[in-house]
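Single-structure report; data block below.
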Amino acid sequence: MNFSALTAPQAALLAFATSGAIIALYFLKLRHRRVLVSSSVLWQRVLDEKEAHSLWEKLRKILSIALAVLIGLLIALGLARPEVEWLTGKTERVAIVLDSFPTMLTQTADGRTRWQRAVDAAMSVVDSSGANVEFRVADTSGRFDSPWTRDRREVRRFIEKIRPAAGDFRFPEIGGGARAVFISDGVSGVAPPAGAAIVPVFERAGNVGVTAFEIRSTPSTSLGYEAYLEVHNYGTQRSNVDISVSGAGGQRITRRAALQPGESFTEAFDLSRFDGGGIRAAARSDSDAFPLDDAAYAYLPVRRKTRALLVTEGNAYLETVLKLNSLVELSITRPSEFRDTASFDAYILDRFAPTAAPGRPALIIGAGAARDAAWLPRTGSTVQKPALTAWMEDHPVMQHVSLHDVSITAATQIDASNLTVLASSSGRAPLIVASERPRWILLAFDLQSTDFPFHAGFPVFAENALAWLSRERLALHRAPGVVEIPIANAVIRGIDGRDVPSRQYLGATVFEAREPGLYTAETRDSRQYVAVNLTSPRYSAVNRTALANKPPAASNAGWLRRELWFYMLGTALVLVSAEWLTYHRRITL
Amino acid sequence: MSTTLTLFDDEFLKKLEYLTIVSKRVFAGRFRAERRAKRRGTGVEFADFRAYVPGDDFRHLDWKAYLRLNKLILRLFEEEEDLPIYFFVDASQSMTYGAPSKLDYARRVAAALCYIGLSNLDRVHVVAYADKIISELPPQRGKGRIFKVFRFLNDVVEGGPTNSRESFKTYCTDTRRRGLAVVISDFLEPNGYQGGLDVLRHFRHDIFVIHIASHEEVQPALKGELVLVDSENGATREVTVTPSLLHAYQSEFERFCSELDSYCGRYQLGYARTVTDFPFEELVLKVFRQGRFLK
């Protein structure tokens with residue numbers, strides 16, 4: 001026997017002290033009331049006879065002391081958490097790691113899922129373990145990691161709490177001295193540490209899934225979009241697949257394909273006939289055990305030309321670029337004739353800035369004109385020949401825009417506090433900045449001071465800027481699970497229009513997308529679509545397992561289901577009750 | 001005590017006057033009285049005839065027999081003398097137990113019996129004893145002495161453990177005359193009551209035992225963890241009084257009473273037992289008569 005809470009000498013000292021204290025208390029307890037009797041002759045006879053003839057009387061006192069000491073010892077040693085291996089099993093720490101890779105939701109032949117099997121296996125590990133086993137439950141996505149506990153009910157609750165979802169998968173840190181039990185279908189590729197017990201729940205299954213679905217504009221066609229779809233058969237048998245792409249306006253394109261194992265169906269669908277809105281691609285096959293990748297979503301922007309007003313004293317480069325843009329319906333006016341109106345989607349302000357913020361998004365070219373506009377950032381002195389050295393290529397405004405070899409002869413210094421710096425010079429002087437709210441883009445230089453209009457990236461920049469300022473954008477692509485979008489304080493709604501619980505995290509909005517779908521993130525003045533799809537060969541390849549089927553190792557469970565202290569305190573309670581009953585019936589002292 | 005004793009109302013005393021203490025044997029008295037004596041004397045009750053010898057009182061010659069038989073025949077009459085009655089009242093510490101105490105009850109019994117004896121012109125001795133003779137009332141005779149008896153009983157001071165053997169031996173050695181010995185006691189002696197009664201038997205007294213027990217002794221209301229303190233010697237005994245132990249005690253008490261009764265029966269001693277909560281008048285007027293101690 002050993003003790004979890006005390007060392008052996010401490011436990012012995014505790015037992016000794018408890019016994020001594022109880023015996024002392026026992027004798028203190030027997031403070032008898034003095035009663036005068038006429039003569040003790042008869043009492044003496046009765047007691048002598050009783051003591052002489054009753055073994056019970058002789059044992060009663062010893063039994064009472066023994067009972068009291070036993071109760072005390074049970075309580076004292078119970079608090080020391082004793083462990084007897086053959087009674088309560090081996091004392092150890094077991095970390096149950098459930099692989100929460102999405103393929104765990106693959107259905108099995110019995111109509112259940114690999115995940116349900118994994119949960120059962122985890123419960124079985126808990127049930128078959130001894131009372132002295134301390135558990136920790138974690139998943140491979142890093143989203144759940146419980147503390148160590150011996151409370152079986154809590155462990156079961158932890159197991160039931162975990163859900164498979166997309167994410168970054170890795171085996172959690174277990175720490176020395178703990179035994180890991182990894183329950184997985186082996187598809188995620190997460191490698192358990194050496195010595196970990198692996199409980200495979202893999203079962204081969206058929207799956208035909210959408211592995212790619214994306215909407216992109218067609219450069220050759222004004223306001224034209226096409227959808228690229230890829231469907232792959234990851235099963236082991238030939239499968240007949242009904243493929244469909246359907247739009248919000250009821251438009252529908254269908255295909256039927258017979259896919260051999262490992263064969264793909266790919267096609268780019270022309271969406272010119274589709275209204276703007278959500279687009280759903282689905283692949284329905286006769287043998288599919290993984291429904292999560294059977295559908296994918298995207299957003300088709302509403303096709304409409306941008307009504308832009310160019311306010312300039314005259315800028316041939318700019319006028320030419322905007323007039324050549326088929327997506328722009330251009331109007332031109334002089335600064336003196338500028339009137340803020342709702343008739344336009346965006347303004348292009350060339351070396352001009354109104355004193356009050358316009359009601360529409362604006363591209364302001366030349367910060368020199370911003371000196372009198374309070375709604376624009378403060379400007380400073382003029383910087384001569386700033387060298388463009390850095391720009392945000394991942395920002396929608398700067399996508400596919402190359403600023404290499406662009407020279408600028410002079411630029412105005414801008415206070416870029418709380419602004420997004422899209423391009424800056426070597427001295428970190430901001431040259432192109434953007435404001436999200438109100439939405440505008442400011443160039444610190446005018447087009448007469450740079451050769452930027454002669455570069456190939458200029459038309460792209462102009463188009464990107466107008467698109468960012470006023471057009472609907474394509475959906476963001478995310479995988480099911482915890483979704484983070486770079487929009488603060490956004491209200492998330494599902495495809496059915498219902499609000500999805502979300503939280504704010506470092507200026508981003510985070511929500512949990514349990515299944516694929518098209519979500520919207522809305523703020524006061526913007527809307528962003530988020531297409532949550534499980535379109536990846538990584539998830540759809542449900543049979544790509546790295547684990548072999550083998551039964552889990554049996555554990556030493558012991559006789560008792562709980563720790564020994566539980567039974568000791570229970571026994572003490574029963575003995576206290578018995579002692580109470582017998583004491584009041586004068587059976588014990 | 002004085003109030004108790006004076007509470008014998010006139011009616012009760014008048015009833016007592018009709019009672020007589022019964023002695024199974026006939027003892028030689030010292031004075032003429034109303035009790036039949038061994039000696040033939042001047043009583044009125046005819047006893048026997050015998051031949052006249054010179055010196056006899058010729059007034060008792062039966063002249064009719066002389067005419068018929070021509071012999072001098074003397075008529076003999078029974079002599080009526082007084083009876084010595086010794087009341088031994090146990091005044092040990094154990095007799096103070098109970099409410100009312102056994103000693104108070106014994107005083108009342110002794111007083112009533114003394115009154116009966118005095119009414120019948122018997123010679124009444126009252127002795128209070130414990131481990132020795134505590135006090136002793138000289139022989140009293142005649143009803144008028146009853147108040148002296150009352151005062152004596154009233155002044156009896158309890159004390160010490162019980163040793164009837166030594167007490168009776170001391171008393172009987174000094175007082176040779178045999179008579180009726182009435183022992184009023186609880187008979188709870190560490191060395192046993194038999195020694196004292198054996199002494200009285202040895203001195204050939206006619207013995208009547210009045211055993212007084214208190215209600216608390218018969219049915220003690222004890223429970224739990226107790227230290228029993230002996231009222232006589234202060235000895236203590238730790239005990240856990242359970243219902244079974246109480247039952248055992250009561251059985252032991254009954255056995256003790258049975259042993260005393262058997263002892264008395266074996267040696268033809270009168271025996272009466274009473275409990276202090278038993279009505280005193282009923283004890284004297286009914287129980288003692290039924291026990292043929294009084295008539």
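Structure data summary
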| quantity | calculated |
| --- | --- |
| Residues within the range B:174-206 that are touching a residue at least 24 places away in the same chain (Cβ under 8 Å), surrounded by fewer than 23 Cβ atoms within 10 Å (Cβ to Cβ) and on the phi > 0 side of the Ramachandran plot, tallied | 1 |
| Residues satisfying the stated conditions in the range B:210-222, i.e. at the interface with chain A (Cβ under 8 Å from one of its Cβ atoms) and not in a helix (DSSP H, G or I) | B:Ser214, B:Pro220, B:Leu222 |
| Hey, A:Pro354 at pLDDT 90 or above, touching a Lys or Arg at 6+ places or on another chain (Cβ under 6 Å) and more than 23 Å from A:Thr409 (Cα to Cα) or not | no |
| Criterion (more than 30 Å from the chain's Cα centre (by Cα), surrounded by 15 or more Cβ atoms within 10 Å (Cβ to Cβ) and either outside the structural domain of A:Thr108 (by TED's automatic domain parsing) or among the basic types (Lys, Arg) (or both)) met by exactly one of A:Glu214, A:Glu230, A:Glu267 | A:Glu267 |
| Among (1) in contact with a Phe, Trp or Tyr (Cβ under 7 Å, 6 or more places away or on another chain); (2) at pLDDT below 90, the one test that B:Ser167 misses | (2) |
| Residue check, A:Ala416 in a loop (DSSP other than H, G, I, E, B) and under 19 Å from A:Arg371 (Cα atoms) | yes |
| Strands (runs of 3 or more DSSP E) wholly inside the range A:251-359 containing at least 1 residues that are at positive phi | A:277-285 |
| Selected residue (only one of B:Ala128, B:Ala110 is in a helix (DSSP H, G or I), assigned by TED's automatic domain parsing to the domain that holds B:Ser185 and under 14 Å from the mean Cα position of the chain (by Cα)) | B:Ala110 |
| Residues satisfying the stated conditions in the range B:223-260, i.e. within 7 Å of another protein chain (Cβ to nearest Cβ), out of contact with any strand residue (DSSP E or B) (no Cβ under 8 Å at 6 or more places or on another chain) and of a type in the set (S, T, N, Q) | B:Thr242 |
| So A:Arg273, is it surrounded by fewer than 16 Cβ atoms within 10 Å (Cβ to Cβ), at pLDDT 90 or above and farther than 22 Å from A:Leu105 by Cα | no |
| Of all residues in the range B:244-289 being of a type in the set (S, T, N, Q) and in a loop (DSSP other than H, G, I, E, B), the one that is nearest to A:Leu42 (Cα to Cα) | B:Thr276 |
| Which numbered condition A:Ala52 fails, given (1) at pLDDT 80 or above; (2) in a helix (DSSP H, G or I); (3) surrounded by fewer than 20 Cβ atoms within 10 Å (Cβ to Cβ) | (1) |
| Qualifying residue in the range B:173-185 (condition: in a helix (DSSP H, G or I) and out of contact with any strand residue (DSSP E or B) (no Cβ under 7 Å at 6 or more places or on another chain)) | yes |
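Listed here are the residues, each with its yes/no results for (1) touching a Lys or Arg at 6+ places or on another chain (Cβ under 7 Å); (2) polar (S, T, N, Q).
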residue	(1), (2)
A:Gly130	yes, no
A:Asp139	no, no
A:Arg143	no, no
A:Pro172	no, no
A:Gly176	no, no
A:Ala191	no, no
A:Ala205	no, no
A:Thr211	no, yes
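Yes/no matrix, rows are residues, columns are (1) modelled with pLDDT under 90; (2) outside the structural domain of B:Glu189 (by TED's automatic domain parsing); (3) farther than 19 Å from B:Ala213 by Cα:
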site	(1), (2), (3)
B:Glu238	yes, no, yes
B:Ser258	no, no, no
B:Tyr267	no, no, yes
B:Pro279	yes, no, no
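The values are calculated or read from the model by the stated rules, or taken from the named source; none is laboratory data. The shown structure was predicted, so the numbers you read here are calculated from the model rather than taken from an experiment. With ideal geometry, Cβ positions are generated from the backbone for all residues, glycine too; neighbour counts draw on all protein chains shown.
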